[in-house]
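Notes to accompany the following structure.
The values are calculated or read from the model by the stated rules, or taken from the named source; none is laboratory data. This structure is a prediction, so every number in the text was calculated from the model and none was measured. Counting neighbours? That spans all protein chains shown, and the Cβs are built from the backbone with ideal geometry, glycine included. Keep in mind that these areas ignore ligands, DNA and RNA; they rest on the heavy atoms of the full protein, side chains included. Shrake-Rupley method; radii C 1.70, N 1.55, O 1.52, S 1.80 Å.
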Amino acid sequence: MLKEPLESALNDQINAELRAEYLYLSMAAYFEDEGLPGFASWMRAQADEEHSHAMRIYDYVLDRDGRVRLDGIDAPQTEWETPQAAFEDAYDHEVKVSGLIDDLVALAREENDNATENMLQWFVAEQVEEEATAQAIIDKLRHVGDDGPGLLMIDQELGERGEASGSGGDEAAMQPE
Ligand code: FEO
């Protein structure tokens with residue numbers, strides 16, 4: 001049975017993961033509009049992943065006989081100045097999520113809830129991957145700057161992630177685990 005402070009904090013985390021899904025879907029729409037289908041498909045795959053993060057916690061709350069309570073999700077940003085600006089926002093968002101996971105781990109320890117702490121360790125490792133992946137894409141974008149052909153090459157590379165996700169393969173461009 002989940003204790004109240006953890007149940008409520010885990011519900012907040014479900015909301016944060018769904019907010020991330022919404023943000024990445026909005027970024028996907030922005031990239032589609034910019035004529036960058038590879039970036040768009042990478043963001044769609046990322047949005048799917050955020051959905052699976054939310055559901056992982058959702059199912060955990062149910063397994064512990066807790067109550068899932070969904071909250072509202074604010075409208076996400078819809079426009080960015082450049083692809084790099086969008087990825088910088090994605091990176092900042094991941095850093096924020098990492099902080100939320102750390103806070104949850106601290107709360108689980110405070111409540112002496114080993115099962116929740118154990119479940120959260122998967123997210124601790126996942127956040128390292130997510131931050132590193134976003135950072136690697138920002139680094140590439142910095143290198144190409146305003147170079148159109150360079151941007152299209154990255155677009156093609158990122159598009160391979162969407163294709164690999166769609167076909168169920170594990171090999172994909174700059175894809176977190
Ligand atoms: Fe689920 Fe990207 O944090």
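Condition first: open to solvent by 50 Å² or more (accessible area, probe 1.4 Å) and among the β-branched types (Val, Ile, Thr). Can you find one or more residues in the stretch 10-17 that meet it?
Just the residues of the stretch 10-17 that are open to solvent by 50 Å² or more (accessible area, probe 1.4 Å), to begin with: 12.
Now narrow it down to the ones that are among the β-branched types (Val, Ile, Thr): none.
No: the stretch 10-17 contains no residue that is open to solvent by 50 Å² or more (accessible area, probe 1.4 Å) and among the β-branched types (Val, Ile, Thr).
Any residue in the stretch 123-134 that is aliphatic (A, V, I, L, M) sitting within a Cβ distance under 7 Å of a residue that is more than 9 Å from the ligand (Cβ to nearest atom)? List the pairs, counting only those 6 or more apart or interchain.
Filtered contacts from the stretch 123-134: VAL124/VAL105; ALA134/PHE87; ALA134/TYR91.
Just one of THR133, THR116 is within 16 Å of the ligand (Cβ to nearest atom), at pLDDT 95 or above and open to solvent by less than 50 Å² (accessible area, probe 1.4 Å); which is it? Walk me through it before giving the result.
Numbers: THR116 fails: within 16 Å of the ligand (Cβ to nearest atom).
Exactly one residue qualifies, and that residue is THR133.
Does any residue in the stretch 82-96 that is under 16 Å from GLN127 (Cβ atoms) come within less than 7 Å, Cβ to Cβ, of a residue that is within 10 Å of the ligand (Cβ to nearest atom) and open to solvent by 10 Å² or more (accessible area, probe 1.4 Å) six or more places away or on a different chain, and which pairs are these?
TYR91/GLU131; HIS93/LEU23; GLU94/GLU131; VAL95/GLU131
Could you check, for the stretch 29-45, whether at least one of its residues is aromatic (Phe, Trp, Tyr), more than 24 Å from THR116 (Cα to Cα) and within 15 Å of the ligand (Cβ to nearest atom)?
As a first pass, look at the stretch 29-45 and keep what is aromatic (Phe, Trp, Tyr): 30-31, 39, 42.
Those left that are additionally more than 24 Å from THR116 (Cα to Cα): 30-31, 39, 42.
Next cut, within 15 Å of the ligand (Cβ to nearest atom) only: 42.
Scanning the stretch 29-45 turns up at least one residue that is aromatic (Phe, Trp, Tyr), more than 24 Å from THR116 (Cα to Cα) and within 15 Å of the ligand (Cβ to nearest atom).
Working carefully through the options LEU25, LEU6, find the one that is within 16 Å of the ligand (Cβ to nearest atom) and either under 30 Å from GLY148 (Cβ atoms) or assigned to a helix (DSSP H, G or I) (or both).
Working: LEU6 fails: within 16 Å of the ligand (Cβ to nearest atom).
Unique residue meeting the criteria: LEU25.
With (1) open to solvent by less than 40 Å² (accessible area, probe 1.4 Å); (2) polar (S, T, N, Q); (3) assigned to a loop (DSSP other than H, G, I, E, B) as the list, and SER41 as the residue in question, which single condition is left unmet?
That leaves (3) as the condition not met.
For the stretch 1-60, how many residues meet the condition of being of a type in the set (Gly, Ala, Ser), closer than 18 Å to ASP74 by Cα and without any contact (Cβ under 8 Å) to a residue 60 or more places away in the chain?
Initial filter on the stretch 1-60 (of a type in the set (Gly, Ala, Ser)): 8-9, 16, 20, 26, 28-29, 35, 38, 40-41, 45, 47, 52, 54.
Cutting the leftovers down to closer than 18 Å to ASP74 by Cα gives us 16, 20, 26, 28-29, 47, 54.
Then keep just the ones that are without any contact (Cβ under 8 Å) to a residue 60 or more places away in the chain; that gives 26, 28-29, 47, 54.
Qualifying residue count, the stretch 1-60: 5.
Looking at the stretch 136-151, which of its residues are without any contact (Cβ under 8 Å) to a residue 40 or more places away in the chain and either surrounded by 14 or more Cβ atoms within 10 Å (Cβ to Cβ) or of a type in the set (Phe, Trp, Tyr) (or both)? Talk me through it step by step, then tell me what you get.
Residues of the stretch 136-151 that are without any contact (Cβ under 8 Å) to a residue 40 or more places away in the chain, as a first pass: 136, 139-140, 143-150.
Answer for the stretch 136-151, where residues must be without any contact (Cβ under 8 Å) to a residue 40 or more places away in the chain and either surrounded by 14 or more Cβ atoms within 10 Å (Cβ to Cβ) or of a type in the set (Phe, Trp, Tyr) (or both): LYS140, VAL144, GLY150.
Got at least one residue in the stretch 48-59 being among the aliphatic types (A, V, I, L, M), open to solvent by 30 Å² or more (accessible area, probe 1.4 Å) and away from the ligand (no atom under 16 Å from the Cβ)?
Within the stretch 48-59, the first condition is being among the aliphatic types (A, V, I, L, M), and the residues that meet it are 54-55, 57.
This time we only want the ones that are open to solvent by 30 Å² or more (accessible area, probe 1.4 Å), so: 55.
Keeping just the survivors that are away from the ligand (no atom under 16 Å from the Cβ) gives none.
Within the stretch 48-59, none of the residues are among the aliphatic types (A, V, I, L, M), open to solvent by 30 Å² or more (accessible area, probe 1.4 Å) and away from the ligand (no atom under 16 Å from the Cβ).
Residues of the stretch 98-122 being touching a residue at least 40 places away in the same chain (Cβ under 8 Å) and assigned to a helix (DSSP H, G or I), which ones? Can you show your working first?
We begin by selecting, within the stretch 98-122, every residue touching a residue at least 40 places away in the same chain (Cβ under 8 Å); these are 100-101, 103-104, 107-108, 111, 113, 115-116, 119, 122.
Once the filter is applied, which keeps residues that are touching a residue at least 40 places away in the same chain (Cβ under 8 Å) and assigned to a helix (DSSP H, G or I), the stretch 98-122 yields LEU100, ILE101, ASP103, LEU104, LEU107, ALA108, ALA115, THR116, MET119, TRP122.
State whether the residues of the stretch 94-110 include one that is out of contact with any Leu (no Cβ under 8 Å at 6 or more places or on another chain), more than 13 Å from the ligand (Cβ to nearest atom), within 28 Å of VAL144 (Cα to Cα) and open to solvent by 80 Å² or more (accessible area, probe 1.4 Å).
No - not one qualifying residue is present in the stretch 94-110.
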